[in-house]
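Everything below concerns the one structure shown next.
The values are calculated or read from the model by the stated rules, or taken from the named source; none is laboratory data. Here the structure is a predicted model, which means the values were calculated and not measured. Positions of Cβ are backbone-derived with ideal geometry, glycine not excepted, and every protein chain shown enters the neighbour counts.
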């Protein structure tokens, strides 16, 4: 992979990383505000509880993506970026453009998803 392509993916990953951190911090602040509310009835409690669960799931998914992004950034630094973790072939440029933190090529991704 050319240096210009690596720089493109590095900047893309860093930008997404910053966006996710900002999102997680915002959700955590919102959850803190929800938890500090005085709830007057069961309907209020149910609504706050439902919002908290949804936002917790979103935070969990974003934390997973953040971990994958950090792995991809480390791979850029050590020269392993763009290589499939399973078959060790190159991950296609178009796949990386859609999902810059992809760990698997298309074929191996399907195998991993079917095995789950």
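Here are the numbers:
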read-out	value
The one condition in (1) part of a helix (DSSP H, G or I); (2) modelled with pLDDT under 95 that residue 69 fails to fulfil	(2)
Residue 114, sole failed condition from (1) surrounded by 12 or more Cβ atoms within 10 Å (Cβ to Cβ); (2) modelled with pLDDT of 90 or more; (3) over 20 Å from the mean Cα position of the chain (by Cα)	(1)
Scan of the stretch 72-93 for residues that are part of a helix (DSSP H, G or I) and under 19 Å from residue 15 (Cβ atoms), ordered by number	72, 73, 74, 75, 76, 77, 93
Subset of the stretch 42-89 (residues that are touching a strand residue (DSSP E or B) at 6+ places or on another chain (Cβ under 8 Å) and touching a residue at least 40 places away in the same chain (Cβ under 8 Å))	82
Filtered residues of the stretch 80-108 (kept if more than 25 Å from residue 21 (Cα to Cα), surrounded by fewer than 18 Cβ atoms within 10 Å (Cβ to Cβ) and touching a helix residue (DSSP H, G or I) at 6+ places or on another chain (Cβ under 9 Å))	83, 85, 86, 87, 89, 92, 93, 106
